[in-house]
Structures are given as structure tokens and as C-alpha cells.
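The structure under discussion appears below in the form of C-alpha cells.
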Amino acid sequence: MAEHSNKSGQGITIESKSPAEIIKQGMYHLLFPEGLEICPNLSEVYELALAYYESRILTTKELIDNSAYFVKADNELTRHYFICTGDPVKIPDYSSSRLKSFFVQNQFRTGYATHGFFPYRGKFHPQMIKAVINIMGVKPGDTLLDPMMGSGTAPVEACLMGIKAIGMDSSPFCRFMAQAKVDALTINPENLEKFMGKAEILFSDFKACPAVFDQQKAEFLEKYRDMEKIEREKIFNVLFLAFLDSDGYAQRSNRKTHLEYFQSIFERYSAAVKKIAGVLSHFNMIPAQTLLTQGDARHLDIEANSIDGIIFSPPYSFAIDYLENDLPHLKYFETNIPKLSETMIGMRGKSLKEKYGLYLEDMEKVISECSRVLKKGRMCSIIIGTNDNQLSKALNIQKEAVVGLHKVVTEIGKQKGLVHVRSLPRQIVGMANTMRQEYIVILRKQE
């Protein structure tokens, strides 16, 4: 044995082995107990950290049932493995090789269950969210809150984990999108497949009545009365989301007609529904109850000390104009867009400096509400990044002097009774020009 000293002067005892022997042995055995096998393509430090925390916090049964970063626990295949393997996201033949490669590489991260519905900008990695829910100690039967749910990643994950979810968003389109993804988890795939041969009729009906969502839904429910109403409503939500998805593709590319895009996306959604239904049936899993609403995160209509865990990501209003980005789809749900912008955090104000000031005011209200509804001793995780370039110009200070939003929300949390536990940095892919890094800020409500 040999003794080396670290920078603090403390002795560290290591085995006297050759470099080749040490490299051959690896480091996996130092992090994880025998019998645990991590998911393939795990490549970032934050992922390794979340996997490590899962291995230390969850029991073996919990690792098998609900872990995010393991395909085996106690040498038994996990449910995450079965949910992710196979081909849950059916990629059309005309898709680019880059898109096909993305879903192969991210099979365990994002391309599973109903998360592949609608390519929404800035959405969570589902695998990461599942792990954060786990390490916060939220268990099946508990209630998770996402007050800014966006495309619904957190509610979908909670639903699959047996955790009751409350989701909220100020955008009616986001509320609809999240609801469609959750609804798709409990649809009978045979009922959805019945509409496969009616794609042209559905497409014509949806195109004939633009910008009136409620009318679209009412006409669909009346036309297909041979099915139980709740099932009809769920199927309509999935079909109409596929139509909106195809509308986006048709606007971005003329490689296919709008109808052809709708047909292929409908087929992809149907395949995903069939795949997740098979897994749920195999394990006798019953998706948990969810309540998804359009609302204001600054004013939560939720009882104090009633929530077991909170996870959310404030809108990246300095990097993405969500209102402009969603405008082609928002028109189906909201006619007064200017009024809607007043309820969207980060959108209020004219100049970037004014927007930033109002953003901080709003975030203080949101975090205060989160602290109020969270049970004592429970955790709140905020995934947040900082756009240093734009903020330095807006505040007229050097980029190096910009205080990261992860530090800002941590300080606000402390003022509202939330103690800082840890902040995990992660790189943002695809937004390097505006935001390169974000943090998973984990806070805990004081006893």
C-alpha cells in the first residue's frame, strides 16, 4: 500500500497497482453496489451524480420499479428498461439521419412513453426528471406539483411512477399538450387504431374549422358516439395534438404534404400508445391520477403544507420567446394573445431590463407560493439557466458580473424558508448561442 497527500494535507491510502491494473479495474465498483447496471449512453457528470444518488436513496425494489438511470438492479431488469427498449418512437422513413440518430442515442433519456409527442422547445429530459423525483424522496401515492409544466414532462413521469401529479401552466396550448400526453397513457390502443383508416376524414374535419378548439372537440364527440365519452375525449386530444404537430412540420418543410405529415405522425403516436400500454399491462401498472390546469404559478389554489415534492423550470424568456414560438398553435385556444402575455412569467415589460426586473418579482411570488404549499421537510427542485450575454447588456455590466439565476433563486428560497441542499450543473444542448448551462437547484423546506 502507498500513501499520498491531497491538497489539504490529509493522507489518502491507495492500493499499489500499476496504471494498467487501475485502468482495467475502472471506477464503477467504487460508486455502485454489485448487481446495478446503469443505462447505456450515460455521458454527463450530472447523470452519473443522479444515478449515484438513486443507488444510495432507493431500495432495491424501488430501483427496479422506478429508477431512471439503471437497466438492472439486483441483476433484475428494471421497468425503465422495458419502457424504453423496443421502438416506442416510430420515426418516418423521410426523417433525417440526424433525427433518427438522436432517438437512438436518447432512447433512455427522452424517446420513450408519450414524451416523443410534439417536439416542444426547452422541454425537460424525462429521465432526468424521473431521477430528481426519486432523489427528492417522492414516493408512489405522494403528490408532485409542477406549477410551470410546459409540455407536461413531469406529470407524465409522475403518472407512470404511481405518483399523483398537479400540473399548471399559463398557456392553454401547453395545458392541452400535457393533457394529451397524459391521456395517451390510458387509451385503449385498439380504439385509437380504429381511426387509422379515417386519417383523411379527420384531417379534413380539423382543417375545415381552424382556430376554434372547442368547436372541433364538440363536433368530434358528437360524430363518434359509439365510444365511451371519456375515451372519446382522450382520443380526440391525441388526434388533435398530432394534427397540430403535423401543422408545424408542414410549415417548416415542403417535403411532404400536410396530410402526409399528419398520417405519419398519427402512426407514430399510435405506435407509442400501443407500446406503453403493453408495458403497463405486463407489469399491472395503473397510472396515477393527474390534475392539469391553466393557471398562474404566482397564485396557487392549493392548500398549504399539502404537496410532497415540487419540480419546475421557469421559462427561458431571455432565450426563447414562447409566445411567438407557440403562436401558430395558441391561436386554436386563445384569441386575446396580448392579455395572455400578461400572465406569462418573463413576458411582461418592454425592454429586457424591465422584463428582467418583473421576472425577479414574479419568481419571488412563485417560490413563496411553492414554500407555502410544500410540506415541511420536503424538497423543491428548480431547473434554471442564465443568459449571461443578454443580461450583461441589459444591466450594463460585465458578463462576469452577472449573478447566475441559480444563485438568485437560491437566495429567494432562503428568504422563503427553503434551505439550499445542492445545485447540479448540466450542459444545455442546442441553445449554445443563448444559454450554455443550467442548474438543478434542490431546496428543502425547513421543519
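Comparison of 412, 384, 442 shows that the only residue that is at pLDDT 95 or above, within 30 Å of residue 308 (Cβ to Cβ) and not in a helix (DSSP H, G or I) is 442.
Condition first: in contact with a Leu (Cβ under 7 Å, 6 or more places away or on another chain) and within 24 Å of residue 150 (Cβ to Cβ). Can you find one or more residues in the stretch 277-290 that meet it? There is at least one residue in the stretch 277-290 that is in contact with a Leu (Cβ under 7 Å, 6 or more places away or on another chain) and within 24 Å of residue 150 (Cβ to Cβ). Residues that are at pLDDT 95 or above, surrounded by fewer than 24 Cβ atoms within 10 Å (Cβ to Cβ) and assigned to a loop (DSSP other than H, G, I, E, B) within the stretch 162-178 comprise just one, 162. Of the candidates 424, 405, the single residue that is at pLDDT 85 or above and more than 25 Å from residue 296 (Cα to Cα) is 424.
Filtered by the rule that a residue be surrounded by fewer than 15 Cβ atoms within 10 Å (Cβ to Cβ) and outside any helix (DSSP H, G or I), the stretch 192-208 gives a lone residue, 194.
Return yes or no: is residue 409 buried (at least 19 other Cβ atoms within 10 Å of the Cβ), within 30 Å of residue 164 (Cβ to Cβ) and in contact with an Asp or Glu (Cβ under 9 Å, 6 or more places away or on another chain)? In short, no.
Taking the stated definitions as given, is residue 377 touching a residue at least 60 places away in the same chain (Cβ under 8 Å), within 21 Å of residue 305 (Cα to Cα) and either in the same structural domain as residue 241 (by TED's automatic domain parsing) or not basic (Lys, Arg) (or both)? So residue 377 fits the description; yes.
Each residue in the stretch 115-141 was checked for being small (Gly, Ala, Ser), more than 12 Å from the chain's Cα centre (by Cα) and buried (at least 23 other Cβ atoms within 10 Å of the Cβ), and 0 pass.
With the structure loaded, tell me whether residue 117 is closer than 25 Å to residue 324 by Cα, of a type in the set (A, V, I, L, M, F, W, C) and in a loop (DSSP other than H, G, I, E, B) or whether it fails that test. For residue 117, the condition - closer than 25 Å to residue 324 by Cα, of a type in the set (A, V, I, L, M, F, W, C) and in a loop (DSSP other than H, G, I, E, B) - is met. Does residue 370 satisfy the condition of being crowded, with 20+ Cβ neighbours inside 10 Å and not in a helix (DSSP H, G or I)? Here the answer is no, as residue 370 does not meet what is asked.
If I ask for residues that are of a type in the set (Val, Ile, Thr), part of a helix (DSSP H, G or I) and surrounded by fewer than 20 Cβ atoms within 10 Å (Cβ to Cβ), which ones from the stretch 321-367 would you list?
337
Residue check: residue 305 meets all listed conditions (1) in a loop (DSSP other than H, G, I, E, B); (2) surrounded by fewer than 17 Cβ atoms within 10 Å (Cβ to Cβ); (3) modelled with pLDDT under 95 but one, namely (3).
The values are calculated or read from the model by the stated rules, or taken from the named source; none is laboratory data. Computed from a prediction, not measured in an experiment: that's the story for all the values here. All Cβ positions, even for glycine, are placed from backbone atoms using ideal geometry, and neighbour counts span all protein chains on display.
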